[in-house]
Amino acid sequence: MLADVTGRKANAYVFCHEGITDERIDTLIDDFFIIHGTELGSLLRMKYSQFERNGSTHAPGVIKGANDADTLYRVYVQNLIKRWTSVNQPLMFRDDVLSVSGTHPFRGARTDRSKRKVF
């Protein structure tokens, strides 16, 4: 009985924590794009133009889906985001909500939620 109650409460906590964290991250990303979106968009459009000049699908040796402008640009953006979020500036919190709540629920909560109806 106690394990079931603990499991239900842990499940509710994990669910709420993940919802709050997800919502806060989306808000921060939106705020970032409101402030910096114009500059970022312009720079990325310029980079895409470079890929278009060098990787036209009508040019010899360019294969759609391998080294065309769209593919090269997508890989560039993925690597750019990965590099800046994991290498150059690893996980940092400048936000009050995330610095207090953290990005993950309390360690034991996931274990406790699996105890539901074990007995």
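How do 8-21, 32-45 rank on mean C-beta neighbours within 10 Å, highest first?
Sorting 8-21, 32-45 by mean packing, highest first, produces 8-21, 32-45.
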>> Testing the spin-label approximation: label points 7 Å from Cα along Cα→Cβ at Glu23 and Asp95. State their distance in nm.
In response: 1.2
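Taken together, the values in this text are just the output of simple stated rules run on the coordinates, not laboratory data. What you are looking at is a predicted structure, and each value in this text was computed from that prediction instead of being measured. Positions of Cβ are backbone-derived with ideal geometry, glycine not excepted, and every protein chain shown enters the neighbour counts.
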